[in-house]
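**Q** My structure is below; once you've seen it, I'll send some questions.
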Amino acid sequence: MRRRELLALLSAGAIAARRTRSVEAQITQPQGTPRRTRAILLGTAGGPTPKKGRAAPASVVLVDEVAYVVDCGNGVARQFVLAGLDLSRIRHVFITHHHSDHNADFGTLLLLAWAAGLKTPVDAWGPPPLEKMMALFFEISAPDIDVRIADEGRPPLVPLIHAHNVQAGGVVLKDERVTVRAAVVRHPMVPTAFAYRFDGPDRSIVFSGDTTRSDALIALARGADVLVHEVLFPDVYAEAAAANARSIARHILESHTPVEEVGRVAQEAGVKTLVLSHYVPDGNDDAERSWLPLARRHFRGDVVLGRDLLEI
């Protein structure tokens, strides 16, 4: 390669990188006073198996530095620490639905937060049987919990954690910092799946959870500052689904929202910024290059390619 061609290539890469950073800067570096309501994507992969390039689904909303966790995929506690956050900040945990990539470390996150110094109450919210799941986790973890109380002088963990079964959409939580609303979304074969909206003192952030196109989600996200939405690249699964109506490919197509349709959802909801996350499939180079153009096809706002530890 000639020197001129190499310099042109490097220049083009630098321009692209600056454009990417400028879009992120619009989200992460507000003008004037610091934002009181922000979020960090802890994991942006989709599906139950571990991925090399992305962590399992999880996010955290920070309102005046108090942490509201959304979903608890495998490794969420480590991602929390990698984001530079103190596990003792956790005040509430929200589970969108009971698939293992969203709840595998639900109990473990709270146990590890306690081991890291958590001494204040935590409320957990999600579809049934969340209360039973919490009780069973405490039962199997009792030997570890009992030893740490006796040996390390920690306060009892069980009285600190309060799990709540969320039965329907509506206001889930309203405290001095934020109002959290839920909407029931459609995720086939899962009895109940929720999207959540966080209205803080200065911003509103919505998480779709796993869903097909949902009018309830559009209503929930109406006018929000940020919509974090799962995305599907359907072409990867089309051939397998056509060959076998009962295949996993068919289930994937029926359970998630194509990335182009996600742009329509964001446009109809009138959100300012769309953040893509929960990539299905993950690690497909052709699909990766296509996420943004497809999402932008029907959406006139800002579109951000979500990645692990990105602050919104």
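The values are calculated or read from the model by the stated rules, or taken from the named source; none is laboratory data. Since this is a predicted model, take the numbers as computed values, not measurements. Because the Cβ atoms are built from the backbone with ideal geometry, glycine has one as well, and the counts that use them run over all protein chains shown. These area figures cover heavy atoms from the full protein model, side chains too; ligands, DNA and RNA do not enter into them. Shrake-Rupley method; radii C 1.70, N 1.55, O 1.52, S 1.80 Å.
**Q** If a residue must be more than 27 Å from I252 (Cβ to Cβ) and polar (S, T, N, Q), how many such residues does the range 87-108 contain?
**A** Residues that pass the stated criteria total 1.
**Q** Still on this structure: Go through (1) in contact with a Ser or Thr (Cβ under 8 Å, 6 or more places away or on another chain); (2) more than 23 Å from L130 (Cα to Cα) one by one and return the number of the condition A77 breaks.
**A** (2)
**Q** Checking M133 against (1) open to solvent by 50 Å² or more (accessible area, probe 1.4 Å); (2) in a strand (DSSP E or B); (3) among the hydrophobic types (A, V, I, L, M, F, W, C); (4) under 18 Å from V69 (Cβ atoms), only one condition comes out false. Which one?
**A** Evaluating M133 over (1) open to solvent by 50 Å² or more (accessible area, probe 1.4 Å); (2) in a strand (DSSP E or B); (3) among the hydrophobic types (A, V, I, L, M, F, W, C); (4) under 18 Å from V69 (Cβ atoms) leaves (2) as the failure.
**Q** Restricting attention to the range 193-252, which residues are out of contact with any strand residue (DSSP E or B) (no Cβ under 6 Å at 6 or more places or on another chain) and at pLDDT 95 or above?
**A** The answer is P201, S204, T212, R213, D215, I218, A219, R222, G223, H229.
**Q** (1) within 16 Å of G43 (Cα to Cα); (2) open to solvent by less than 60 Å² (accessible area, probe 1.4 Å): which one isn't true of G107, the others all being true?
**A** Unmet for G107, out of (1) within 16 Å of G43 (Cα to Cα); (2) open to solvent by less than 60 Å² (accessible area, probe 1.4 Å): (1).
**Q** Which number in (1) surrounded by fewer than 20 Cβ atoms within 10 Å (Cβ to Cβ); (2) out of contact with any Gly (no Cβ under 8 Å at 6 or more places or on another chain); (3) outside any helix (DSSP H, G or I) marks the one condition that V81 misses?
**A** Unmet for V81, out of (1) surrounded by fewer than 20 Cβ atoms within 10 Å (Cβ to Cβ); (2) out of contact with any Gly (no Cβ under 8 Å at 6 or more places or on another chain); (3) outside any helix (DSSP H, G or I): (3).
**Q** Considering only residues that are hydroxyl-bearing (S, T, Y) and either within 22 Å of V66 (Cβ to Cβ) or open to solvent by 10 Å² or more (accessible area, probe 1.4 Å) (or both), which ones fall in the range 180-213? Let's see the steps before the verdict.
**A** Residues of the range 180-213 that are hydroxyl-bearing (S, T, Y), as a first pass: 192, 196, 204, 208, 211-212.
Within the range 180-213, T192, Y196, S204, T212 qualify.
**Q** Could you list, in sequence order, the residues of the range 231-245 that are open to solvent by 10 Å² or more (accessible area, probe 1.4 Å), without any contact (Cβ under 8 Å) to a residue 40 or more places away in the chain, in a helix (DSSP H, G or I) and among the aliphatic types (A, V, I, L, M)?
**A** Passing the criteria: A238, A240, A242, A243.
Yes/no per residue for (1) on the phi > 0 side of the Ramachandran plot; (2) free of Cβ contacts under 8 Å to residues at least 60 places away in the same chain; (3) in contact with a helix residue (DSSP H, G or I) (Cβ under 7 Å, 6 or more places away or on another chain); (4) surrounded by 20 or more Cβ atoms within 10 Å (Cβ to Cβ):
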| position | (1), (2), (3), (4) |
| --- | --- |
| S247 | no, yes, yes, no |
| H278 | yes, no, no, yes |
| S290 | no, yes, no, no |
| G301 | no, yes, yes, no |
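**Q** Taking the options T33, T108, T120, name whichever one is at pLDDT 95 or above, assigned to a loop (DSSP other than H, G, I, E, B) and among the hydroxyl-bearing types (S, T, Y). Even if it seems obvious, please write down each step before you answer.
**A** Values: T33 fails: at pLDDT 95 or above; T108 fails: assigned to a loop (DSSP other than H, G, I, E, B).
The unique qualifying residue is T120.
**Q** I need the full set of residues from the range 205-230 which are free of Cβ contacts under 8 Å to residues at least 60 places away in the same chain and in a strand (DSSP E or B), in order please.
**A** L227, H229
Results for (1) touching a Phe, Trp or Tyr at 6+ places or on another chain (Cβ under 8 Å); (2) closer than 16 Å to H162 by Cα, shown as yes or no for each residue.
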residue: P57; (1), (2): no, no
residue: A83; (1), (2): no, no
residue: L87; (1), (2): yes, no
residue: H99; (1), (2): no, no
residue: G126; (1), (2): yes, yes
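**Q** In the list V259, V265, V228, V271, which residue meets the criterion of being buried (at least 20 other Cβ atoms within 10 Å of the Cβ) and out of contact with any helix residue (DSSP H, G or I) (no Cβ under 8 Å at 6 or more places or on another chain)?
**A** Details: V259 fails: out of contact with any helix residue (DSSP H, G or I) (no Cβ under 8 Å at 6 or more places or on another chain); V265 fails: out of contact with any helix residue (DSSP H, G or I) (no Cβ under 8 Å at 6 or more places or on another chain); V271 fails: out of contact with any helix residue (DSSP H, G or I) (no Cβ under 8 Å at 6 or more places or on another chain).
Every option except V228 fails the conditions.
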